[in-house]
Structure formats: structure tokens, C-alpha cells
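**Q** Could you have a look at this structure, given as C-alpha cells, before my questions?
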Amino acid sequence: MVTAHPDDVDFGSAGSIAAFTSAGVDVTYCIVTNGDAGGSDRAMPRTDMASLRQDEQRAAAAVVGVSDVRFLGHPDGMVQATPELRRDISRVIRQVRPERVVTQSPERNWDFIFASHPDHMAAGEAAVCAVYPDARNPFAHPELLDDEGLEPWSVSELWIMAPREQGATIAVDTTATVARKVAALMCHKSQLGDPDAIAERVLAMARAQGEVAGLPEGASAELFRVTRIP
Ligand SMILES: [Zn+2]
């Protein structure tokens, strides 16, 4: 799971992550920033915000069965799909050797601008580039192989967190896990202005996506666009 900020994974995919871990799948979070530009408390030193948000993300991960949470420490608000970020994500891919990488859409969503924070698009673009070609190419970022001994790794499934308008191809039924998604979100206390309103909005969105997916009334879902890579 590659996202820009602490809390992105929980808004977008925590219901699916809970379903995956319940099925015995090991999940690693790779968070590009520490979220130090988040929150609204101007009195809090930004370094304190960074460590607070790391703690919140680790707590949220635990709620959905994830204990491996890695932060790349790129500057919040300034993420770009640089060769350095592609290398840093490729390093984690080669270390973890996942079958599936889930990340944010590199494309702007004109219907919901908050989903298209520039950091999200940049993190998504860098993750896609890390999946193909960087992580599988022994000659990309040669220091990973030469200095760190990290063999190339080919990821076979790329999942983009995406609504139907952006070409979603798979819905994960989160009816059984949406409550854990909300509980995970509630761990991001520094980011929640009105927790009840956010919980309600997330539940409504989950049911709307369930409807889009053609699930029975009242069911919840999360949508993804899946690309299989030979
Ligand atoms: Zn974000």
C-alpha cells in the first residue's frame, strides 16, 4: 500500500485492507510523507505533528491488521515523482516483494478535488513507475542492487484507488469490515474536525460505492482500477 499521507490509506482502502488481512494476506504500508503539513493546530511544532501522525497511522494500521508501517519522510505538501522517490518506493517493493501494489490515482479527479491533492497524484505516479519499470529492472537505481543487494522484483497486480468515473474495474465488498475502517479513521485524531460527521460521510460513501458495484441494498464497497502486469 503506497500513499502520500498518513490517513490516505484509511479514507481510501482500510475496508479492503481489513478484508485482505482477515483472509490471511500480509500488508505493508509505505507512506511517502510524515503528514507534517496536516492538521489545523498552528501552535504545534511541525516535528511534533510528524511524530503524532506516525503514531496515529500505526494505531490505525493495527485496527485493520497491519503492523508493518514504513515512512519515507519526503516533505509533506511538496511530493514530486522524482527519481529519488521512485527509488525509495522501489526499495520497499524489493524488500517486501508484494504480489499486489495498491496506490493513489496519478490522475486528477475533477468531480472531487480533495482526492487529487498534488501529493496524492505524485505519490501515485511514483508508485506506478516503481512497479513498472523500476522495481523489476536490475539497471534502474543500480545502487539498490549493487550497494544494498536488493534483487529486482516484479509486481503482478497494480490497484489504483479510483471511483467509477476513473475506470474502476473491481469492487471489494467491505460490508463486514466498514466498521473497522471507521475505527481506523478515528485514530487520526489530529485530522478530524468533526469525527461523527466524517464517520457518517465515510459510511454513506461506502454504501454508494456498494450500489455502484451492484451489491445488495445496504452493502458497502471500495472501488479500484486493477492492472495485471505479466
Ligand atoms: Zn492525503
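Laboratory data are not the source of any read-out in this text; all were calculated from the coordinates shown. A quick note: this is a predicted structure, and the numbers were derived from the prediction, not measured. Cβ placement follows ideal geometry from the backbone for every residue including glycine, while neighbour counts extend to all protein chains displayed.
**Q** For the stretch 1-59, which residues satisfy the criterion of being in a loop (DSSP other than H, G, I, E, B) and among the aliphatic types (A, V, I, L, M)?
**A** Correct list: M1, A4, A23, V25, V27, A37, A43, M44.
**Q** Please list, ordered by first then second residue, the pairs with beta carbon atoms under 6 Å, 6 or more apart or interchain, first in the stretch 90-109 and assigned to a helix (DSSP H, G or I), second hydroxyl-bearing (S, T, Y).
**A** Filtered contacts from the stretch 90-109: V96/T28.
**Q** Quick one: P106 ticks every box in (1) surrounded by 15 or more Cβ atoms within 10 Å (Cβ to Cβ); (2) more than 13 Å from the chain's Cα centre (by Cα) except a single one, so which number is it?
**A** Among (1) surrounded by 15 or more Cβ atoms within 10 Å (Cβ to Cβ); (2) more than 13 Å from the chain's Cα centre (by Cα), P106 violates only (2).
**Q** May I pose another question? Among the residues of the stretch 65-72, is there at least one that is away from the ligand (no atom under 16 Å from the Cβ) and within 13 Å of the chain's Cα centre (by Cα)?
**A** Taking every residue of the stretch 65-72 in turn, at least one turns out to be away from the ligand (no atom under 16 Å from the Cβ) and within 13 Å of the chain's Cα centre (by Cα).
**Q** Let me ask something else about it. Identify the single condition in (1) touching a helix residue (DSSP H, G or I) at 6+ places or on another chain (Cβ under 7 Å); (2) within 18 Å of D88 (Cβ to Cβ) that D147 does not satisfy, given that it satisfies every other one.
**A** (1)
**Q** What are the residues in the stretch 3-28 that are more than 12 Å from the ligand (Cβ to nearest atom) and buried (at least 24 other Cβ atoms within 10 Å of the Cβ), if any?
**A** Scanning the stretch 3-28 gives S13, A14, G15, S16, I17, A18.
**Q** Now for a separate question. When residues of the stretch 85-103 are filtered for being buried (at least 21 other Cβ atoms within 10 Å of the Cβ), among the polar types (S, T, N, Q) and over 15 Å from I160 (Cβ atoms), how many remain?
**A** Adding up the residues that qualify gives 1.
**Q** Check the stretch 64-84 and report whether any residue there is touching a residue at least 24 places away in the same chain (Cβ under 8 Å), surrounded by fewer than 20 Cβ atoms within 10 Å (Cβ to Cβ), basic (K, R) and outside any loop (DSSP other than H, G, I, E, B).
**A** The answer is yes; a qualifying residue exists.
**Q** Suppose we keep only residues that are under 14 Å from the mean Cα position of the chain (by Cα), surrounded by fewer than 21 Cβ atoms within 10 Å (Cβ to Cβ) and in contact (Cβ under 8 Å) with a residue 24 or more places away in the chain within the stretch 116-145. Which one would you say is nearest to E84 (Cα to Cα)?
**A** Once the filter is applied, the top-ranked residue is E125.
**Q** Taking the criterion of being within 16 Å of the ligand (Cβ to nearest atom), of a type in the set (A, V, I, L, M, F, W, C) and under 25 Å from L145 (Cα atoms), would at least one residue in the stretch 35-57 satisfy it?
**A** Looking for residues that are within 16 Å of the ligand (Cβ to nearest atom), of a type in the set (A, V, I, L, M, F, W, C) and under 25 Å from L145 (Cα atoms), one finds none in the stretch 35-57, hence no.
**Q** Within the group E211, E148, E200, which residue is surrounded by fewer than 18 Cβ atoms within 10 Å (Cβ to Cβ), within 25 Å of L72 (Cβ to Cβ) and over 19 Å from the mean Cα position of the chain (by Cα)?
**A** Residue meeting the stated conditions: E148.
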